[in-house]
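Everything below concerns the one structure shown next.
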Amino acid sequence: MFDLIIEGGEVIDGTGAPRLRADVGVFRGKIAAIGDLASASATERVSARGRIVAPGFIDAHTHDDRLLLMPTTGPHPKLSQGVTTVIAGNCGVSLAPLVTTNPPAPLDILGNDGWVYRSFAAYLDALAQSSLALNVACLVGHSTLRVKHMADLERAATPEEEASMAADLTAALAAGAIGLSTGLYYPPAKAATAQEVIAVGAQLKALGGIVAMHIRDEGDAIDEALREALHIGRELGVGTVISHHKLVGTANHGRSVETLALLEQAAQGQSVCFDCYPYNASSTMLLPSRVKQSSDVLVTWSQPEPGAAGRSLKELARERNQTEEDVARALQPAGAIYFAMSEDDVSRILSHPMAMVGSDGLAHDVRPHPRLWGTFPRVLGHYVRERKLFSLETAIYKMTGLSARRFGLTGRGTLAPGHHADIVIFDPDRVNANASYGNPTEVSSGIDAVFVNGKLACRDGSTVCAGAGQVLRRQGALL
Ligand SMILES: [Zn+2]
């Protein structure tokens, strides 16, 4: 007897193995059987004929820390893509532990409200008590710890400050955080040394945490920045995730050949992988220094000039008879989309066996980068079906089994008896990201049904249940 049988679909189990025709039986939130269940009885049967049945996608890189606490009204940016688990707290930015009403950029990508959690445990408890649309595992942000413990962010931490940050991290790991994230690229952490990160993360190994890093430079100095991140990972002795691997600036286009070679070489001696999103434009805080690197810049939000959201910096500069940098300064604080990558690098990075899919979407932007609503269907529709960059089995592995293993999400990410019933049913011929730079919050098509812990959460892009998610507390990464 099953609660649910998903029948007749092509099952792609998330391990990278070839698809097979099978029914999937669910009982009490878990997968109970995979095979021919034609004669089994079930409370509910759902047909998946002509469809792919896969593990719910894991968004390996998100900034959903505050989104998760907000009520879901209408379509959900992640559920509607087939995502059932997100990794929050990336790029050095986590909503806890920090109490402030005035977070410095880029912490403000999570908004100015909601910074009310003195401890990470309190934040995880708040998540657990709220109606979670999907599952979440959380990283602790190094920049958040710096803002909490350092009066002067323009210098490296003192041994006392390192100890305070390390103590907060240890408490967070004990409460269930899965690791540390860093953003040495950003102003609040620019002055931090590798040694500081190593001191802060000293307990990661003993407590089974990982480290995810937005490296110091993704442009001209990417080689040094990658080597620094690999050094930190090695010294910490823990699984290392390089965040949203990419190369920005025309001068660096094509250099993914060398960065991937460097990562492959490092992987011989340490546990390392990376996430990436399937677009050749990036998005973060509006930094005047990045204007020159980009062929175009779109404003995603601006506090003094909300009407600038969605506008091109070039156009604004022309209208105002100013330089783009001047306009960028006038719009602060603000966010932007930068067109500064080459499609060849994006394809090469995404295809690499070490690549996981992560959206890096920014849910609180007025006109967000389309990756927030479109990342997963874009990989399946554009890169797999249209461009045939890799197989559907490989794509799903990058979205599920690989990420679950890297982040230590036991019992998730693959379809197997005993595993949690996070499941997506989609149409491989129709799946498509409809979000674009012009229409950034358009719901994707072809994602028929999404189950979170055995409950139907989303049907054809519409939210059915926004409360089936769980907080996934650290179980120790299996790397
Ligand atoms: Zn980042």
Between ASN102 and GLN268, what is the FRET efficiency for a Förster distance of 56 Å, r being their Cβ-Cβ separation, to the nearest 0.05?
0.80
What order do THR323, THR43 take when sorted by accessible area (1.4 Å probe), most exposed first?
THR43, THR323
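Could you work out Rg/(2.2 N^0.38 Å) for region 287-337, with Rg from alpha carbons only? Each step should come with its number before you reach the end.
On the way: Rg = 9.3 Å, N = 51, 2.2 N^0.38 = 9.8 Å.
That ratio works out to 0.95.
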With a Förster radius of 60 Å, plug the Cβ-Cβ distance of SER391 and SER289 into 1/(1 + (r/R0)^6) and report the FRET value to the nearest 0.05.
0.90
For LEU456, tell me the accessible area in Å² from a 1.4 Å probe, rounded to the nearest 10.
50
Estimated distance in nm for a label pair at GLU343 and SER130, the labels positioned 7 Å out from Cα along Cα-to-Cβ
3.8
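Mind checking the full-extension length gain between ARG21 and GLU154? Use 0.36 nm per residue of separation minus the Cα-Cα distance, one decimal, nm. Can you show the working numbers first?
Working: separation 133, 0.36 × 133 = 47.88 nm, distance 5.80 nm.
Net length gain for the segment: 42.1 nm.
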Assuming 0.890 mPa s and 25 °C, estimate D for the chain with Stokes-Einstein, Rh taken as the Kirkwood radius over Cα pairs, in µm²/s.
110
Place a point 7 Å from the Cα of LYS190 along the Cα-to-Cβ direction; which residues of region 313-333 have their backbone N under 20 Å from it?
324-333
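Kindly provide the Kirkwood hydrodynamic radius of region 201-358 in Å, to one decimal, from all pairs of distinct alpha carbon atoms.
Working: mean 1/r = 0.0593 Å⁻¹.
When all Cα pairs of region 201-358 are included, the Kirkwood radius is 16.9 Å.
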Would you calculate, for the chain, the mean residue ellipticity at 222 nm contributed by helices, counting each DSSP H stretch of 4 or more residues as -39,500 (n - 2.57) and dividing by all residues, to the nearest 500?
-7000 deg cm²/dmol
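So what's the net charge close to PRO187: Lys and Arg +1, Asp and Glu -1, counting the other residues with Cβ under 15 Å from its Cβ?
Details: positive: ARG146, ARG155, LYS190, ARG216, ARG290, ARG329; negative: ASP108, ASP152, GLU154, ASP217.
Within the 15 Å Cβ shell, the charges total +2.
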Rounded to the nearest Å, what's the spacing between the alpha carbon centres of region 427-442 and region 177-245? Just the number, please.
33
At 0.36 nm per residue, minus the direct Cα-Cα distance, what do ALA330 and ALA221 gain on full extension? Give it in nm, one decimal, please.
36.4 nm
Would you mind computing, in nm to one decimal, how far apart the modelled labels at VAL116 and GLN303 are, each placed 7 Å from Cα along Cα→Cβ?
2.0
16 Å reach of a label modelled at VAL257, 7 Å along Cα-to-Cβ, counting backbone N of region 347-389
347-349
For region 1-146, what is one quarter of the convex hull surface built on the Cα atoms, given in nm²?
10.5
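Find the accessible area per residue for region 287-337; the probe is 1.4 Å, ligands and nucleic acids are left out, and the unit is Å². Each step should come with its number before you reach the end.
Working: 2440 Å² over 51 residues.
For region 287-337, the per-residue accessible area is 48 Å².
At a 1.4 Å probe radius, carbon and sulfur cover how many percent of the accessible area of region 362-410? Numbers along the way, then the final one.
Working: 720 of 1400 Å².
Here carbon and sulfur together make up 52 percent of the probe-accessible area.
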For LYS205, tell me the accessible area in Å² from a 1.4 Å probe, rounded to the nearest 10.
130
Please list THR101, THR463, THR240 in order of solvent-accessible area, largest first, computed with a 1.4 Å probe with all protein chains present.
THR101, THR463, THR240
Rg and Dmax in Å for region 326-390, alpha carbons only: what are they?
14.7, 44
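The values are calculated or read from the model by the stated rules, or taken from the named source; none is laboratory data. Fair warning: this is a prediction, and the values are worked out from it, not measured in the lab. With ideal geometry, Cβ positions are generated from the backbone for all residues, glycine too; neighbour counts draw on all protein chains shown. Note: areas computed on protein heavy atoms with side chains; ligands, DNA, RNA excluded. Shrake-Rupley method; radii C 1.70, N 1.55, O 1.52, S 1.80 Å.
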